[in-house]
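The block underneath contains the structure these notes are about, expressed in structure tokens.
The values are calculated or read from the model by the stated rules, or taken from the named source; none is laboratory data. Computed from a prediction, not measured in an experiment: that's the story for all the values here. Using ideal geometry, Cβ is built from the backbone for each residue, glycine included, and neighbour counts are taken over all protein chains shown. Each accessible area value is taken on the protein alone, full model and side chains, heavy atoms only, with ligands, DNA and RNA left out. Shrake-Rupley method; radii C 1.70, N 1.55, O 1.52, S 1.80 Å.
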There are 2 protein chains.
Amino acid sequence: MSRVFNFYAGPATLPLPVLERAQAEFVEYRGIGMSLIETSHRSAEYDEVHNGAVQGIRELLTVPDGYSILLVGGGATLQFSMVPMNILPEGAACDFLVTGSWGKKALADTRAYGRVNVLFDGADHAYTTLPEASAVRSTPGAAYLHLTSNETIGGVQYHRWPTVEAPIVADMSSDILSRPIPTESFGLIYAGAQKNLGPAGVTIVIVRDDLVERSPDSLGAYLSYKTHAKKNSLYNTPPVFSIYLVRLVLDWIRDQGGVPGIEARNTRKANKLYDAIDNAPGFFRCPVDGAARSHMNVVFRLPSEELEAQFVSAAKAEGMVGLKGHRDVGGIRASIYNAMPEEGVEALVAFMTEFVRTKG
Amino acid sequence: MSRVFNFYAGPATLPLPVLERAQAEFVEYRGIGMSLIETSHRSAEYDEVHNGAVQGIRELLTVPDGYSILLVGGGATLQFSMVPMNILPEGAACDFLVTGSWGKKALADTRAYGRVNVLFDGADHAYTTLPEASAVRSTPGAAYLHLTSNETIGGVQYHRWPTVEAPIVADMSSDILSRPIPTESFGLIYAGAQKNLGPAGVTIVIVRDDLVERSPDSLGAYLSYKTHAKKNSLYNTPPVFSIYLVRLVLDWIRDQGGVPGIEARNTRKANKLYDAIDNAPGFFRCPVDGAARSHMNVVFRLPSEELEAQFVSAAKAEGMVGLKGHRDVGGIRASIYNAMPEEGVEALVAFMTEFVRTKG
């Protein structure tokens, strides 16, 4: 087997030891005579997986008492609807900071359910910048303020959090568990698994209990946070395999020194890559504001689209895949989530240096 | 490894060759240097899986032109809400046949979104019976008629379909692909995967295009059938691994002689088990009406709860697990979905015969 360095934006690379463990126990799970995906979600074996995942998230993100941790299907895209359905009361408005394509999608769905004040929209700067955190003020009476902690297409990421009166709702799909966060400063955090947590198919929702209480009784069962909170996300059959992989990824994060250990490594990885860009200023160019540069999705341009296409295919030939930028913006994108090893970034940096030498 | 016979009601037993194939290619998928769950959902490799699953469903269920096949997260429980949100117009009413606990849950969620006429409710007979198919008439102007093709707790299953004016919406979660169906007689079919299709995490929705067109534009993107239909269920990241397993299960069904081959085997399995019950009338007793007996979930009672408990634990000791009836009704339940081998049923029948001999 020749494992490549996988720079896809999501679904994304996962830790090899996690994949190997899942493979080894896939057909017969720990002596129970069947696969975990064949066993009842009410069995002792699945119970241990489910509660281990919930508990792992609570510990690693230091989620305080007074918050529920939910495991929901449908992806972050379903949360774009569930958030306003549950916590935007009829007649109320919420605030939005729109810093890229995910924020735009969340905004569009929120408008289907209520009024929105857009406090910031990065469209005029092609989503290469963020609002100044200290300058953000929520609208008096706003039900919440929504932000996207990291935008995978534009490559912007908050490194300082706004402090506002309204509860902050954060879509952390693309950077959850990549660094410590002040969880108690958020009202609700949601994150699709397929970047830093595991395979597609499950979304984590961390929600303060007073916000759960806002859920109107008029919602269907699956769409109500109350249902999932009351039943520990076992009202219906959860996405067992995705949750099991999340559980294994959480164990792996512990082995890496927890979230602080992961953050230190992520910072080293990002610095190496941005240095390689900044050190060839006539050739590579990162369009993102210095203070807003993402440690998860590093985007950059070359002098021409032709050179960008050459870069992507030559990198692929050397075992580095998924470097083509999103079709909406073009260029190059290297997604370097938690599970991307430092060796992968080092290989990419070496490739970039050589590419400049021969083509620059 | 000692594989047990797994009679769980869901998640449920899967074909061993499917599990072995998934295990073998789990860490490195077909030479691409990564796992399938790590690759982009826009990659050629995933595209082949996704479209293979959709096409497999279309072929095996002979889905005519004019129907879309959607792959949605969240389970059938999310469909309990999405169906009325999409195809029950404001002010309209729909009809319901309530034949067990799944129908009751679907009914409760539907009532959150509109008016319902309950045409049949099996509660007075403890959900051991079905309405006479030929006697069912839909209410003039009803937006649709909802039924549950098989109820896993009560163990009842339609063997004749009603013919009514309104489009029929069927929850087939627990018997899809277990027998040929007249797909063109239904307006919408939905089925969570975790009985006959694969692991939990994906739900199949087969919907007639004129019903897709009913979706109001006021819905958030994920909740609208239009979104999934227009984007071939790739508007957002789909539950990749669950869909991949479904794809493998569909291939396995083809190897079994397609749905007719599966049906023949399912009928033999069910007949053997019901015969074993009926041949010990003073000891075993099936509470379900003869014409409504499920070929998927065979429920029966013993003379006492004490004997039932002994039966469950003695069977487990012989490698037959998951036979305890649902806590709401007690007794014994043997779930014998597509992937339960005939040998499993034969082993259970032999065990039952011996149990009667020693305890009867």
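Among the numbered conditions (1) open to solvent by less than 10 Å² (accessible area, probe 1.4 Å); (2) within 11 Å of another protein chain (Cβ to nearest Cβ); (3) farther than 29 Å from residue B:245 by Cα, the only one that residue B:98 does not meet is (2).
Taking the conditions exactly as written (of a type in the set (Lys, Arg) and surrounded by 19 or more Cβ atoms within 10 Å (Cβ to Cβ)), does residue B:285 satisfy them or not? It would help to see each step written out before you state the result.
Details: of a type in the set (Lys, Arg): yes; surrounded by 19 or more Cβ atoms within 10 Å (Cβ to Cβ): no.
Criteria not met by residue B:285.
Given the structure, is residue B:127 under 28 Å from residue B:246 (Cβ atoms), open to solvent by less than 40 Å² (accessible area, probe 1.4 Å) and either assigned by TED's automatic domain parsing to the domain that holds residue B:295 or aromatic (Phe, Trp, Tyr) (or both)? Spelling it out, it is not the case that residue B:127 is under 28 Å from residue B:246 (Cβ atoms), open to solvent by less than 40 Å² (accessible area, probe 1.4 Å) and either assigned by TED's automatic domain parsing to the domain that holds residue B:295 or aromatic (Phe, Trp, Tyr) (or both).
Residue by residue, here is whether (1) in contact with a strand residue (DSSP E or B) (Cβ under 9 Å, 6 or more places away or on another chain); (2) modelled with pLDDT of 95 or more; (3) within 18 Å of residue B:78 (Cβ to Cβ) holds:
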{"site": "A:181", "(1), (2), (3)": "yes, yes, no"}
{"site": "A:198", "(1), (2), (3)": "no, yes, no"}
{"site": "A:202", "(1), (2), (3)": "yes, yes, yes"}
{"site": "A:206", "(1), (2), (3)": "yes, yes, no"}
{"site": "A:228", "(1), (2), (3)": "yes, yes, yes"}
{"site": "A:237", "(1), (2), (3)": "yes, yes, yes"}
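Could you count how many residues in the stretch A:323-341 are among the charged types (D, E, K, R) and outside any loop (DSSP other than H, G, I, E, B)? Break it down stepwise before answering.
Of the residues in the stretch A:323-341, the ones among the charged types (D, E, K, R) are A:324, A:327-328, A:333.
Remaining after also requiring outside any loop (DSSP other than H, G, I, E, B): A:324, A:333.
Residues that pass the stated criteria total 2.
For the stretch B:81-95, give me each residue that is within 20 Å of residue B:162 (Cβ to Cβ) and either of a type in the set (Gly, Ala, Ser) or open to solvent by less than 10 Å² (accessible area, probe 1.4 Å) (or both). Spell out how you get there, then give the answer.
Quick first cut of the stretch B:81-95, residues within 20 Å of residue B:162 (Cβ to Cβ) only: B:83-84, B:87-88, B:92-95.
Residues satisfying the conditions are B:83, B:84, B:87, B:92, B:93, B:94, B:95.
Being within 18 Å of the chain's Cα centre (by Cα), away from chain A (no Cβ under 12 Å) and of a type in the set (A, V, I, L, M, F, W, C) is the filter here; which residues of the stretch B:58-88 pass it? Hits for the stretch B:58-88 are B:60, B:61, B:63, B:69, B:70.
Among the conditions (1) hydrophobic (A, V, I, L, M, F, W, C); (2) facing chain A (nearest Cβ under 10 Å); (3) in contact with a strand residue (DSSP E or B) (Cβ under 8 Å, 6 or more places away or on another chain), the only one that residue B:37 does not satisfy is (3).
Of the candidates B:231, B:195, B:226, the single residue that is charged (D, E, K, R) and crowded, with 24+ Cβ neighbours inside 10 Å is B:195.
Output the number of residues of the stretch B:177-226 satisfying the condition of being outside any loop (DSSP other than H, G, I, E, B), of a type in the set (Gly, Ala, Ser), touching a residue at least 40 places away in the same chain (Cβ under 8 Å) and facing chain A (nearest Cβ under 9 Å). Before the answer, list the steps.
Filtering the stretch B:177-226 for residues outside any loop (DSSP other than H, G, I, E, B) gives B:183-185, B:188-192, B:203-212, B:221-223, B:225-226.
Now drop any that are not of a type in the set (Gly, Ala, Ser), which leaves B:185, B:191-192, B:221.
Still in the list and also touching a residue at least 40 places away in the same chain (Cβ under 8 Å): B:191-192.
Filter once more, keeping what is facing chain A (nearest Cβ under 9 Å): B:192.
Number satisfying all stated conditions: 1.
With respect to the conditions (1) under 22 Å from residue B:238 (Cα atoms); (2) out of contact with any Ser or Thr (no Cβ under 9 Å at 6 or more places or on another chain), residue A:178 lacks only one, and its number is (1).
Among the criteria (1) farther than 30 Å from residue B:23 by Cβ; (2) in a loop (DSSP other than H, G, I, E, B), the one residue B:174 does not fulfil is (1).
Of all residues in the stretch B:198-219, exactly one satisfies the criterion of being crowded, with 24+ Cβ neighbours inside 10 Å and among the polar types (S, T, N, Q), namely B:203.
One line per residue, one yes/no per condition, for (1) assigned to a helix (DSSP H, G or I); (2) open to solvent by less than 10 Å² (accessible area, probe 1.4 Å):
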{"site": "A:235", "(1), (2)": "no, no"}
{"site": "A:238", "(1), (2)": "no, yes"}
{"site": "A:246", "(1), (2)": "yes, yes"}
{"site": "A:249", "(1), (2)": "yes, yes"}
{"site": "A:253", "(1), (2)": "yes, yes"}
{"site": "A:262", "(1), (2)": "yes, yes"}
{"site": "A:265", "(1), (2)": "yes, no"}
{"site": "A:269", "(1), (2)": "yes, yes"}
{"site": "A:276", "(1), (2)": "yes, no"}
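Evaluated against (1) in a helix (DSSP H, G or I); (2) away from every other protein chain (no Cβ under 14 Å), residue A:242 falls short on exactly one condition, (2).
Taking the stretch A:89-105 as the region of interest, how many residues are charged (D, E, K, R) and more than 18 Å from the chain's Cα centre (by Cα)? Residues in the stretch A:89-105 being charged (D, E, K, R) and more than 18 Å from the chain's Cα centre (by Cα): 2 in total.
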